[in-house]
Each structure stands twice: as structure tokens, then as C-alpha cells.
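Participant: Quick one: the structure is below, questions incoming.
The values are calculated or read from the model by the stated rules, or taken from the named source; none is laboratory data. Note that the structure is a prediction, hence the values are computed from the model and not measured. Note: ideal-geometry Cβ built from the backbone for every residue, glycine included; neighbour counts use all protein chains shown.
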Amino acid sequence: MNPENAYAELRQFQIETAYYHSLGALAGWDQRTYIPRKGHEHRARQFAALAQLLHRRRTDPRIGEWLDAVSGADFLSDPAAPAAVNVREWRRVYERSRRVPEELAVALAQAQSEGESAWEQFRRADDWEGFWPYLKRLVDLTREYAEAVGYESEAYDALLEDYEPGERAARLQEVFALLGRETRSLLEAVLASPQQPPAGVLERDYPVEVQARVVRELVGRIGYDLEAGRIDPTTHPFELSVGPGDVRITTRYYPDYLGAALFGAIHEAGHAMYEQGLPAEHWGTPMGEAAGMGVHESQSRLWENAVGRSLGFWRHFYPLLQENFSSLAGVGLEEFHRAANAVRPSLIRVEADELTYNLHIQIRFELELALFRRELDVADLPGAWNEKYRDYLGVEPPDYKSGVMQDVHWAAGLFGYFPTYTLGNVYAAELYGAARAELGDFEEAFARGEFAPLLEWLRGRIHAHGRRYQPRRLIELATGRPPGAGTLVAYLRERFGNLYGL
Ligand code: ZN
């Protein structure tokens with residue numbers, strides 16, 4: 001087989017796989033939004049059939065033959081050219097999938113689905129004793145998985161590779177050491193400041209239908225193309241891409257709290273704008289995919305926090321809120337802005353403010369790293385969890401469900417995923433700083449309702465590249481320097497220093 005033909009066949013095969021995958025995504029969206037209560041059982045069987053089909057396609061021996069046939073071909077000589085990027089990524093995924101014995105893949109998938117159900121059931125009852133054997137099984141199987149796919153220095157690196165290619169535990173430890181230390185000292189100063197934000201501004205009467213209308217208008221005006229997307233209500237907000245022209249988001253509405261819908265929607269719109277900016281002509285191949293979970297999160301965090309909690313942003317959008325919500329009559333712009341940036345150490349990650357958020361992630365990262373370094377047993381997690389919450393945030397969970405059992409990630413077998421949230425913040429600070437240095441004073445532009453220059457900058461530097469580069473390299477090329485926690489620390493100092501008069 002000549003290399004050109006082999007590449008064409010391989011590409012066709014992978015794009016077909018992507019179509020099946022995207023049908024599954026659509027069924028997943030439906031499952032999390034509008035499925036009738038009695039439809040879940042059938043949906044689970046649909047997913048099982050699809051998972052089997054996808055697994056067979058991912059490990060199809062023809063992929064190996066096509067990869068052999070294109071190996072060393074002239075048209076792959078430029079590593080940044082789309083064909084070379086695609087071949088590199090297809091090879092990486094194929095080799096990893098082939099190293100996992102089928103029994104292990106099946107056992108893991110089953111343990112993950114059982115783990116999630118167990119989590120829902122035992123979390124409701126606050127029953128750690130009932131839950132932890134499921135978690136133990138997942139940790140054991142995931143250790144086996146790490147051994148099967150292989151790593152250079154430690155098992156945890158093998159897990160990171162699935163979410164953030166090229167990232168390493170040792171480097172993350174450095175990121176968290178600096179960020180954690182600086183955050184805690186800044187937090188102390190913030191809490192001691194006499195200049196505290198007004199309480200209760202976001203916790204008032206905000207009719208849900210009005211929220212939905214306002215949120216829709218707002219995310220449309222910052223650049224989320226609603227003709228190629230939609231917003232629906234859910235309990236757990238998410239962004240989901242069906243394909244070019246169909247990138248959806250969800251948010252949740254509380255009648256007595258505006259923050260969840262508002263900032264949740266801006267966050268998910270950030271994810272969606274990334275997906276909408278990926279090169280559609282490469283859809284179904286790695287060149288048309290996001291670079292990694294950390295980069296994805298950098299887009300959502302940048303819009304939610306750096307942009308969506310800035311004073312300039314609210315100079316533009318606050319009139320829209322005031323027109324629509326009588327609860328904000330008499331609340332000034334600055335007052336609202338300060339309320340939107342209030343810092344409060346808390347127990348629950350998803351409700352954390354911008355400053356303390358990374359401490360929640362640091363705790364999870366340190367615990368899962370200890371698990372995979374065999375320095376901690378699953379049975380001892382609650383004690384270790386509570387101790388870290390006391391140390392880092394000064395709070396102590398009164399029960400398991402607001403402690404070690406609050407997140408679904410571990411129950412779903414997602415180990416190595418949590419640090420991508422903080423990497424997202426690290427990358428967002430780098431990108432925001434570089435874009436601001438090039439484009440000038442953002443806040444003035446935001447106040448005029450101009451968000452397109454920033455979005456265009458992100459489109460060119462990040463979105464257009466798909467998976468061309470590993471995440472760190474992509475950020476380095478976009479900003480001119482390798483990413484590090486120092487920029488995020490400086491950004492947080494500036495932002496909270498101004499807000500709290502430090
Ligand atoms: Zn996100």
C-alpha cells in the first residue's frame with residue numbers, strides 16, 4: 001500500500017469513528033437534559049453497545065497496518081503539518097489502547113459505572129463505609145492500568161497522559177507548592193482586610209425565567225454563537241460538542257442565587273467558544289480537537305474569571321442586569337462587582353471563589369498522588385482529607401458528603417484529572433497577560449462591549465492549532481514563554497489586592 005493511500009484510508013476510518021462517537025455525545029446530552037425517567041435503562045444498553053463498537057475500532061489491527069505503511073513518508077516530514085500531527089496522535093492513542101488487555105479495559109469500564117452508581121447511592125446516605133470498597137477496586141484497577149500503559153518515572157504520570165499529554169507529577173508538585181503557599185498568604189491578608197465585600201447581593205430574588213433570558217443574551221454578546229449552539233438547564237452544568245455547527249452548553253438556575261447561572265454559563269460558554277473555534281475542516285481528526293483538558297479549562301476560566309469578574313465587563317453588562325432584576329435596584333456597580341468577587345473559604349469545590357479554588361484542587365491532587373505512590377490507603381482518605389481542609393482552608397467537613405465524597409471524579413475512575421483544573425487557571429493567567437500586553441487595556445474594551453479582539457486572539461493562538469502541539473508548548477508559543485504558576489500568583493495578587501485594598 002502506498003503511504004498516501006494508507007493515510008487517506010486511515011483518515012477515513014478515524015473520521016467514521018468520530019461520527020459514531022459524536023452520536024454517543026448527542027445521546028449523552030439527552031441523558032443529562034431531557035430523557036424521560038423511564039428511558040435510562042435502554043440508554044445504558046445503547047451506551048454499552050456503542051462502547052464495544054468504539055473499543056473495537058480503536059484497537060482495530062488495520063490501524064497498525066496503516067500506521068506502518070505511512071511511517072517515514074515524505075508528507076509527514078514537517079511535524080507541525082496536519083497529516084503529521086494526526087499520525088502522531090493516532091499512533092499514541094492506538095499504542096496506549098493496545099497495551100491495555102481487553103479484560104482490564106472491560107473490568108475498568110464496569111468498575112467505573114458501578115462506582116458512579118455507588119457514589120450516588122452512598123453519598124445520599126453519607127455512608128463512607130459502604131462506598132470505599134468500590135473506590136478501592138477502582139484504585140487497584142487504575143494502578144494496573146498505569147502499569148499496562150507504562151511510564152518513565154511514576155504511575156501517576158501514566159494517568160496524567162490521558163488528560164494532559166506531556167504533563168508530569170513532579171512538575172505539578174512544583175506548581176502547587178508555589179501556588180499553594182502564595183494563595184494561603186494572600187487569603188490570610190484578604191480575610192483580615194477591613195474592606196470586605198457586601199454580603200447577600202447575589203443571594204436575593206432572581207426569577208429563573210428572567211435569569212435564562214439574561215444569561216442567553218450575555219453569552220451571545222461575548223461571542224458564543226447561539227445559532228451553532230443552545231443553552232439548557234441541568235443540575236451539573238457542562239459543555240458538549242456534537243460537531244461543527246452544534247456545540248451546546250447547560251447551566252443551573254436557583255431562584256434565590258444569581259451567581260450559579262451567571263458565572264456557570266460564562267464558564268461553559270468559554271469551553272464552547274473553544275470548540276466553535278477549532279478548525280472545522282479537520283473535524284474528526286486530532287487537528288480538529290482540543291489540545292488537552294488543561295487548555296480547555298483555560299478557555300472557560302479566562303472568560304468566567306479574568307473577563308467575567310472584571311470591572312470593565314460589568315461596566316458594560318450591569319445595566320442589562322439592573323433592567324431585568326428589581327433585586328438590584330439601589331445596588332451600585334462597584335458594590336455588585338465586589339460581591340461577584342467575594343472570597344470565602346468553603347468546603348465545596350464547585351462553589352469556591354477564584355482565589356481559594358486552587359486550594360481545593362491541591363488537596364485532591366496531593367491525595368491522589370499519595371494513593372498512587374502507595375503512601376496512603378483508600379480507607380484512610382477521609383482523615384487525610386479533613387486534615388488538609390483544616391490546614392489549607394481552615395474549615396472542617398461535618399460529614400462525608402461535604403468532604404471526601406463530594407465529587408464524582410474518583411467514583412468514576414478519573415484519577416489524574418483534577419490537576420487540569422488548576423493547569424487551566426495557570427494557562428488562563430498566561431494567556432490573559434500576553435493578550436493584554438499585545439491588545440492593550442482590556443477593561444476599557446470590555447466596557448465598550450468589545451470582546452471580539454480577545455476572542456480572535458485566542459482563535460489564532462490556541463483554537464486554530466487543534467492538537468498540533470502538546471499543551472505546554474502550545475501556551476509557550478502563544479505567549480512567548482513557558483507557562484508557570486508565577487504569572488497566576490501575580491494576577492491573583494493584583495486582582496484581590498485591588499478588591500480588598502491590600
Ligand atoms: Zn470547565
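Participant: Return a yes/no flag: does region 302-314 have any residue that is within 12 Å of the ligand (Cβ to nearest atom), surrounded by 24 or more Cβ atoms within 10 Å (Cβ to Cβ) and among the acidic types (D, E). Steps first, please.
Facilitator: From region 302-314, those within 12 Å of the ligand (Cβ to nearest atom) are 302-305; that's our starting set.
Okay, now just the ones that are also surrounded by 24 or more Cβ atoms within 10 Å (Cβ to Cβ), so 302-303, 305.
Retained after the next criterion (residues that are among the acidic types (D, E)): none.
There is no residue in region 302-314 that is within 12 Å of the ligand (Cβ to nearest atom), surrounded by 24 or more Cβ atoms within 10 Å (Cβ to Cβ) and among the acidic types (D, E).
Participant: Let me ask something additional. Just give me the residues in region 147-175 being surrounded by fewer than 21 Cβ atoms within 10 Å (Cβ to Cβ) and more than 15 Å from R92 (Cα to Cα), in sequence order.
Facilitator: E147, E152, S153, E154, R168, A170, R171, Q173, E174
Participant: Name the residues in region 352-380 that are in a loop (DSSP other than H, G, I, E, B) and not hydrophobic (A, V, I, L, M, F, W, C), would you? First the steps, then the outcome.
Facilitator: In the first step, residues of region 352-380 are kept if they are in a loop (DSSP other than H, G, I, E, B); the result is 352-356, 373-377.
Once the filter is applied, which keeps residues that are in a loop (DSSP other than H, G, I, E, B) and not hydrophobic (A, V, I, L, M, F, W, C), region 352-380 yields D353, E354, T356, R373, R374, E375, D377.
Participant: Suppose we filter region 1-45 for residues that are under 28 Å from R91 (Cα atoms) and not aliphatic (A, V, I, L, M); how many remain?
Facilitator: Result for region 1-45: 18.
Participant: Same structure, new question: How many residues are loosely packed, with under 15 Cβ neighbours inside 10 Å and among the polar types (S, T, N, Q) if we restrict to region 4-32?
Facilitator: 2
Participant: If you check every pair at least six apart or on different chains, which have Cβ atoms under 8 Å apart with a residue in region 173-200 that is closer than 17 Å to Y491 by Cα and assigned to a helix (DSSP H, G or I) first and a residue that is among the acidic types (D, E) and at pLDDT 95 or above second?
Facilitator: Matching pairs, first to second residue: F176/E366.
Participant: Now for a separate question. Exactly one condition in (1) aliphatic (A, V, I, L, M); (2) surrounded by 17 or more Cβ atoms within 10 Å (Cβ to Cβ); (3) more than 21 Å from G449 (Cβ to Cβ); (4) away from the ligand (no atom under 16 Å from the Cβ) is not met by M293; state its number.
Facilitator: Against the list (1) aliphatic (A, V, I, L, M); (2) surrounded by 17 or more Cβ atoms within 10 Å (Cβ to Cβ); (3) more than 21 Å from G449 (Cβ to Cβ); (4) away from the ligand (no atom under 16 Å from the Cβ), M293 comes up short only on (4).
Participant: Within region 217-241, how many residues are surrounded by 16 or more Cβ atoms within 10 Å (Cβ to Cβ) and free of Cβ contacts under 8 Å to residues at least 40 places away in the same chain?
Facilitator: Summing the residues that are surrounded by 16 or more Cβ atoms within 10 Å (Cβ to Cβ) and free of Cβ contacts under 8 Å to residues at least 40 places away in the same chain in region 217-241 gives 2.
Participant: Within region 201-224, can you find the residues that are touching a Leu at 6+ places or on another chain (Cβ under 6 Å), outside any helix (DSSP H, G or I) and at negative phi?
Facilitator: Scanning region 201-224 gives L202, Y206.
Participant: Out of S298, S326, I need the residue that is more than 16 Å from the ligand (Cβ to nearest atom), polar (S, T, N, Q) and under 23 Å from A447 (Cα atoms). Which one?
Facilitator: When all the criteria are applied, what remains is S326.
Participant: Out of all the residues in region 272-305, which are out of contact with any helix residue (DSSP H, G or I) (no Cβ under 6 Å at 6 or more places or on another chain) and in a loop (DSSP other than H, G, I, E, B)?
Facilitator: If the condition is that a residue be out of contact with any helix residue (DSSP H, G or I) (no Cβ under 6 Å at 6 or more places or on another chain) and in a loop (DSSP other than H, G, I, E, B), then W283, E289 are the ones that fit.
Let's see how each residue does on (1) among the small types (G, A, S); (2) within 30 Å of L108 (Cα to Cα); (3) crowded, with 16+ Cβ neighbours inside 10 Å:
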| position | (1), (2), (3) |
| --- | --- |
| N386 | no, yes, yes |
| D391 | no, no, no |
| K401 | no, yes, yes |
| D407 | no, yes, yes |
| G416 | yes, yes, yes |
| A428 | yes, no, yes |
| A435 | yes, no, yes |
| E456 | no, no, no |
| G484 | yes, no, yes |
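Participant: I need the full set of residues from region 28-77 which are of a type in the set (D, E, K, R), at pLDDT 90 or above and farther than 21 Å from Q12 by Cα, in order please.
Facilitator: Residues satisfying the conditions are D30, K38.
Participant: Then there is this: Within region 227-271, considering only strands (runs of 3 or more DSSP E) that don't extend past its boundaries, which have at least 1 residues that are under 29 Å from T17 (Cβ atoms), within 14 Å of the ligand (Cβ to nearest atom) and among the β-branched types (V, I, T)? Lay out the reasoning, then the answer.
Facilitator: Values: elements: 231-233, 239-243, 246-251.
Result: 246-251.
Participant: Right, another one. Any idea which residue in region 141-155 is nearest to A169 (Cα to Cα), counting only those that are part of a helix (DSSP H, G or I) and among the small types (G, A, S)?
Facilitator: First, pick out the residues of region 141-155 that are part of a helix (DSSP H, G or I): 141-149, 155.
With among the small types (G, A, S) added as a condition, the list becomes 146, 148, 155.
Numbers: A146: 14, A148: 18, A155: 9 Å.
Restricting to residues being part of a helix (DSSP H, G or I) and among the small types (G, A, S), the top hit is A155.
Participant: Quick check on region 362-372. Is at least one of its residues over 20 Å from R143 (Cα atoms), under 16 Å from the mean Cα position of the chain (by Cα), surrounded by 21 or more Cβ atoms within 10 Å (Cβ to Cβ) and modelled with pLDDT of 95 or more?
Facilitator: yes
Participant: I'd like to verify a number: residues in region 1-54 that are closer than 28 Å to P237 by Cα, of a type in the set (F, W, Y) and not in a loop (DSSP other than H, G, I, E, B), how many?
Facilitator: Qualifying residue count for the region: 4.
Participant: Condition first: within 18 Å of Q299 (Cα to Cα) and free of Cβ contacts under 8 Å to residues at least 40 places away in the same chain. Now tell me which residues in region 474-501 satisfy that.
Facilitator: Scanning region 474-501 gives E476, L477, P482.
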